[in-house]
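Single-structure report; data block below.
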């Protein structure tokens, strides 16, 4: 490649790189204003057999050394947000907040990526352009945040992770970046609904258990960023809750009491997660919803306008009303390819029995 990786090649330059001609026998050096010829040491590579042997020896030694040094460099290199933002802004010359694929490749070369690694990054990303946050995740090789492995310990793992605060704290910038990315992908609404909030939480490395708990704790169907921040910081529970249309003391308020609340919340989460791994899994896999009940709910949500179809957002709310968990809603959502679905199309995504309710 040319020394300046931003340069473009003509066909003749490309052909010369792929099928190079013989090297010159001499080079010229400027000495006191005069061109003085001296032997070109690289000419030995043009000698049959000897040149091929030197090339092979060079590749045998250089390739593993290059891989080892690159791996070591990345292991000790600090992937700071400021450094990655500076690289992004350097190539975002039009100040659009996005990099097209051509400029993504240039930016990744600046971070020491090989051409093979760049190709894999671009092939794995179907978008024609990416945001600053997506570029950061591409450089890191994955999201900045990921669920703790302790979550996969049946029964107690999710409860411990949720209450002992093993995960790192989030800065306002972290929350804002992830929020803005989901908001952009959703068409820039003023507020995000529960499904979209769940997407933000997943991108923040929240576990399935934590996402479910957060969405259940949300009182509103849609929230804006300040409200989301308040929930993330630990919005206090109300003193009263509604049962059968009447206000009664909220027993969950005990979880807000220092020390005692941690113990009660941990116990509750252990019981809940244990159920989810055992009886809950059995019910999900061996039970199905009565068709009449699902159809009645479908018709209830089909009211604006009443055309026998529901949008993805309406189906999200419908599944939540049917008792489906957020990860189940996410799984169905990822299978959907259309904007609206009839009842017959929708019931193909969930387990529905023909028996009457």
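Quick one: which helices (runs of 4 or more DSSP H) lie wholly within the stretch 246-301 and hold at least 1 residues that are at pLDDT 85 or above and surrounded by 14 or more Cβ atoms within 10 Å (Cβ to Cβ)?
On the way: elements: 260-277, 279-286, 291-301.
Of the helices (runs of 4 or more DSSP H) lying wholly inside the stretch 246-301, those with at least 1 residues that are at pLDDT 85 or above and surrounded by 14 or more Cβ atoms within 10 Å (Cβ to Cβ) span 260-277, 291-301.
Mind telling me which of the residues 213, 177 ends up being more than 20 Å from residue 127 (Cα to Cα) and either assigned by TED's automatic domain parsing to the domain that holds residue 130 or in a helix (DSSP H, G or I) (or both)?
Details: 177 fails: more than 20 Å from residue 127 (Cα to Cα).
Going through 213, 177 in turn, just one is more than 20 Å from residue 127 (Cα to Cα) and either assigned by TED's automatic domain parsing to the domain that holds residue 130 or in a helix (DSSP H, G or I) (or both): 213.
For the structure I just gave you, tell me whether residue 243 is assigned by TED's automatic domain parsing to the domain that holds residue 179, more than 27 Å from residue 164 (Cβ to Cβ) and in contact with a strand residue (DSSP E or B) (Cβ under 8 Å, 6 or more places away or on another chain).
Here the answer is no, as residue 243 does not meet what is asked.
Filter the stretch 135-174 for residues that are part of a loop (DSSP other than H, G, I, E, B) and farther than 26 Å from residue 84 by Cβ; which is nearest to the chain's Cα centre (by Cα)?
Going residue by residue through the stretch 135-174, those that are part of a loop (DSSP other than H, G, I, E, B) are 141-148, 153-156, 164-171.
Now drop any that are not farther than 26 Å from residue 84 by Cβ, which leaves 153-156, 164-165.
Working: 153: 23, 154: 25, 155: 26, 156: 26, 164: 25, 165: 22 Å.
Residue satisfying both the conditions and the ranking: 165.
In this structure, is residue 356 in contact with a strand residue (DSSP E or B) (Cβ under 9 Å, 6 or more places away or on another chain) and either modelled with pLDDT under 85 or outside any strand (DSSP E or B) (or both)?
Spelling it out, residue 356 is indeed in contact with a strand residue (DSSP E or B) (Cβ under 9 Å, 6 or more places away or on another chain) and either modelled with pLDDT under 85 or outside any strand (DSSP E or B) (or both).
Would you call residue 323 under 30 Å from residue 343 (Cα atoms), in a helix (DSSP H, G or I), out of contact with any helix residue (DSSP H, G or I) (no Cβ under 8 Å at 6 or more places or on another chain) and without any contact (Cβ under 8 Å) to a residue 40 or more places away in the chain?
no
Could you say which residue among 310, 318 is outside the structural domain of residue 221 (by TED's automatic domain parsing), farther than 25 Å from residue 155 by Cα and part of a helix (DSSP H, G or I)?
Checking each option against the conditions leaves just 318.
Any idea which of (1) in a loop (DSSP other than H, G, I, E, B); (2) within 23 Å of residue 194 (Cα to Cα); (3) free of Cβ contacts under 8 Å to residues at least 24 places away in the same chain is the one residue 331 doesn't satisfy?
Answer for residue 331: the failing condition is (1).
Out of the residues in the stretch 217-240 that are within 23 Å of the chain's Cα centre (by Cα) and part of a loop (DSSP other than H, G, I, E, B), state the one that is farthest from residue 254 (Cα to Cα).
224
For every residue, the table says whether it meets (1) at negative phi; (2) surrounded by 15 or more Cβ atoms within 10 Å (Cβ to Cβ).
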| residue | (1), (2) |
| --- | --- |
| 119 | yes, no |
| 124 | yes, no |
| 132 | yes, yes |
| 155 | no, yes |
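The values are calculated or read from the model by the stated rules, or taken from the named source; none is laboratory data. For clarity, every value in this text was computed on a predicted model and none was experimentally measured. Quick reminder, even Gly has a Cβ in these numbers, built from the backbone with ideal geometry, and neighbours come from all protein chains shown.
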